[in-house]
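Each value in this text was obtained by applying a stated rule to the coordinates, not by laboratory testing. Just so we're clear, the structure is a prediction, and the values are computed from it rather than from any experiment. Counting neighbours? That spans all protein chains shown, and the Cβs are built from the backbone with ideal geometry, glycine included.
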Amino acid sequence: MILEPTEELERPELDEEIMCLLGQTPSKEKKLGSDIQKDLALRLEHITTMGLKKESRKEIIENNLIPSNCTKINAPKLNPEIKAALSEILIKKDNALEAKQVQIAATISCLGNALTKIFLSDFKDQAVIKSLIEASRLLCDTQHRESMTRRSFICSSIKKDFKEQLYNTEVDSFLFGEKLADTLKAAKAISKSGAEIKVTMKKTVVPQKASQVPAQILNQKPPLPPTRRTGVARRAEPAAAPAPRSRQQQPLRHSTRSQRHHALRH
């Protein structure tokens, strides 16, 4: 029996072992978590779409200061040595990213304060602690990535000889580390040493032998002699004028003839 093209073939279902090998079913739908309290969800979405007022933002940041024993979560400052080499546009862009990091640092401090209070209390909800720790870890990673973004923008306008050394520095209270001066000195020394030991390749010119004649010259025909030139060339040349006779030669010929005639008569 021949099936029509529109008919679907019946295929057997795969067993559980094969399904495990195939992995999870791909899905285009975004997975969502459990619902949070509705009033909290309403306010969080409003702030996400509309943003905080300037006064509210400033108040929250001031209420969540950086802990004295965790200062590296704060926004790193731009090193003065690097700032002196940047344009005004890059400096303004870096200031905007630094302000963003100040807000992230305040958020990390807020979570750290909440976790510290839970740790000091008698009742410790493991689920709550886990959620707060995961939020803190993600924010710390975001802070690090923002620092790397700032460094990437800045290094785009820095000399190539210093880029590798700058990327190897560790972020602390400054974007390129507190010991940047020593790093720059080391980079200059490495660049100078590399220039001194670098071998300059000179291009050698091989002189040609005198006997070597190009083939094009050998294949050329020699020019024709004047007698074998074309008729057009001969006609183009003016004819040579006859040499004028000297008047003194005519009496000489007449005298010779008279002498011969006189000799015959005698």
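Against the globular-protein guess of 2.2 N^0.38 Å, express the Cα radius of gyration of the range 72-194 as a ratio, rounded to two decimals.
Normalised Cα radius of gyration, the range 72-194: 1.34.
So how much slack lies between Cys20 and Lys130, counting 0.36 nm per residue of separation and subtracting their Cα-Cα distance, in nm?
Additional length available on full extension: 36.6 nm.
Scan around Phe174 for amide H atoms under 5 Å from its own, H built in the peptide plane at 1.01 Å from N, and keep only partners 5 or more places away or cross-chain.
Amide H to amide H, under 5 Å and 5 or more residues apart or across chains, Phe174 pairs with Lys77.
So for the pair Ile61, His46, with labels modelled 7 Å out along Cα→Cβ, what separation do we get in nm?
For Ile61 paired with His46, the spin-label model returns 2.3 nm.
With the cut-off at 23 Å, tell me which of the pairs Lys83/Lys160; Lys31/Lys130; Lys31/Lys53; Lys92/Lys163; Lys31/Lys72; Lys77/Lys159 have Cα atoms farther apart than that.
Lys31/Lys53; Lys31/Lys72
Local charge sum around Lys53 (other residues, Cβ-Cβ under 14 Å, Lys/Arg +1, Asp/Glu -1)?
+2
Would you list Glu17, Glu178 from fewest to most Cβ contacts within 10 Å?
Glu17, Glu178
Could you list Leu40, Leu184 so that the one with the fewest beta carbons within 10 Å of its beta carbon is first and the one with the most is last?
In order of increasing Cβ crowding within 10 Å: Leu40, Leu184.
Fewest Cβ neighbours within 10 Å first, please rank Lys30, Lys53 accordingly.
If I rank by nearby Cβ atoms, fewest first, I get Lys30, Lys53.
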